[in-house]
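S.K.: Let me give you the structure first, and then I'll get to my questions.
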Amino acid sequence: MPSDSETVTSEKAGEVYYSDPNRIVLFYRDAEITGEYTRIGTFDATDDFVTAVEEKQNDNISK
């Protein structure tokens, strides 16, 4: 995995980053963040994808 991390303070939906230790971070919505990340790609953050993520979060919260 690339090790050229940089400080990231905001990100757009669809960005994919690597973060130590061994985490892949997908931004499904625009976000204000602070952390050290290595950008590794993008994906299409469609409405269906965002809905699926948010429904899964709601399922986990209600348990």
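The values are calculated or read from the model by the stated rules, or taken from the named source; none is laboratory data. Since this is a predicted model, take the numbers as computed values, not measurements. For neighbour counting, all protein chains shown are included, and Cβ atoms are generated from backbone atoms with ideal geometry for every residue, glycine included. Ligands, DNA and RNA are stripped out before the accessible areas are found, and what is left, the full protein with its side chains, is counted by its heavy atoms. Shrake-Rupley method; radii C 1.70, N 1.55, O 1.52, S 1.80 Å.
S.K.: Note down all Cβ pairs under 7 Å where the first residue falls in segment 34-58 and is part of a helix (DSSP H, G or I), the second is open to solvent by less than 90 Å² (accessible area, probe 1.4 Å), and they're at least six residues apart or on different chains.
M.R.: If the second residue must be open to solvent by less than 90 Å² (accessible area, probe 1.4 Å), the pairs left are PHE49/TYR28; VAL50/TYR28; VAL53/TYR28.
S.K.: Another one. Within the group GLU11, GLU36, which residue is over 23 Å from GLN57 (Cα atoms) and out of contact with any Leu (no Cβ under 8 Å at 6 or more places or on another chain)?
M.R.: GLU36
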